[in-house]
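I have placed the structure first, in the form of structure tokens, so that the comments after it can refer back to it.
The values are calculated or read from the model by the stated rules, or taken from the named source; none is laboratory data. Note that the structure is predicted; figures quoted are calculated from it, not measured. Cβ atoms come from the backbone with ideal geometry, glycine included; neighbour counts cover every protein chain shown.
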């Protein structure tokens, strides 16, 4: 999924396009792989296959900051108790951020494979990571060296802390391993299929799930207490409710099952657009679930009944294309507006501004960090070159881009888009010539 090296965009204070009927937050250029919510419930951080992490204001849908540092998909995120955020990536690195800062405050390096999971200790002093190099690591946030946990035979996909000390890991080798706080293995449970998700409740029960679409509940000694079969799609994310009574299980089939722990039964399902749901998190008062999926959206749901949060919870921002109502080119451009602005005075989004597009060389917007591949290309954006980009697709025309793959098959639609862009991105003053 790597799309080339990128770095950082600064703070964003503008709303990204959100469709209020489903309380959707748009901004990622690829599937939303990871989610975490701050302890006060006001902010969320999401990680995407587009190599970015985004910090959101949950009540408004505002994207407060787009964080660009990693050279691969952001597979894991965490909200730290001191107000910082952590992002873990396919590039093997973990970045620690503060809201409002354009550079990571600290970078944790040591993994030799993609970071797949992050967890914060109950006391907030320690970060744990799981990676595809076959290890987990325990990182003291005070700055001391990490402890390396070895034992899995293959990718380690998930990690979670246990109450009172210790942690648990799960991997592609179908094993759940329980460790002391010092990193000593004390128990191992081997389950029937590869594991991709973990959750730990406040009373210490462990939930693990993966390829066989079954959530299994384990004691701290590794013994299986019960299970819930969800099928047929693999379970890819688990999250316990703040009060510990329920487990939300997200699947590659596009739904999220709400499991009642006491009865081991599914209370209801959150049903989205049918695309994989990669990540799920609870607001701390237990009222809402937040999900991220392959549709590139962050969604909010009522945790009591599984219904999407409605328009009153997220006001719709002004339509940037209202002035072009009725123009075919503007309608074609709606697929791009979440990531690109049209004028230089708008706050930046996931992609560079298109203001002054025609006549500009590729990878030339000041302050936007492009991949090495794009910086080395000899392309000037004209109606002809932009039309060609959408005719053959970004992956073929600009290899190494992080732009999501999309084509416009209709020549008439491409021509309409070029006419629209010529007007909407022109930064030259108008008036008598």
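Of note:
- Residue 209 being touching a strand residue (DSSP E or B) at 6+ places or on another chain (Cβ under 6 Å), more than 17 Å from residue 32 (Cα to Cα) and modelled with pLDDT under 95: no
- Matching entry among 271, 266 (being at pLDDT 95 or above, surrounded by fewer than 21 Cβ atoms within 10 Å (Cβ to Cβ) and in contact with a strand residue (DSSP E or B) (Cβ under 7 Å, 6 or more places away or on another chain)): 266
- Considering only residues in segment 264-289 that are assigned to a loop (DSSP other than H, G, I, E, B) and under 21 Å from residue 232 (Cα atoms), the one that is farthest from the chain's Cα centre (by Cα) turns out to be 264.
- Scan segment 278-315 for residues that are modelled with pLDDT under 95 and at positive phi and the total you get is 2.
- Selection count, segment 135-153, where residues are within 23 Å of the chain's Cα centre (by Cα) and surrounded by fewer than 20 Cβ atoms within 10 Å (Cβ to Cβ): 1
- Here residue 181 does not qualify as assigned to a strand (DSSP E or B) and touching a strand residue (DSSP E or B) at 6+ places or on another chain (Cβ under 8 Å).
- Selected residue (only one of 364, 318 is modelled with pLDDT of 90 or more and over 30 Å from residue 241 (Cα atoms)): 364
- Residues that are surrounded by fewer than 24 Cβ atoms within 10 Å (Cβ to Cβ) and in a loop (DSSP other than H, G, I, E, B), drawn from segment 51-65: 58, 59, 60
- Applying the condition of being in a loop (DSSP other than H, G, I, E, B) and within 14 Å of the chain's Cα centre (by Cα) to segment 35-50 and asking which residue is nearest to residue 286 (Cα to Cα) yields 49.
- Segment 195-214, subset outside any strand (DSSP E or B) and free of Cβ contacts under 8 Å to residues at least 24 places away in the same chain, residue nearest to residue 225 (Cα to Cα): 212
- Subset of segment 245-259 [assigned to a loop (DSSP other than H, G, I, E, B) and modelled with pLDDT of 95 or more]: 245
- Qualifying residue in segment 383-394 (condition: modelled with pLDDT of 80 or more, within 28 Å of the chain's Cα centre (by Cα) and within 22 Å of residue 71 (Cα to Cα)): yes
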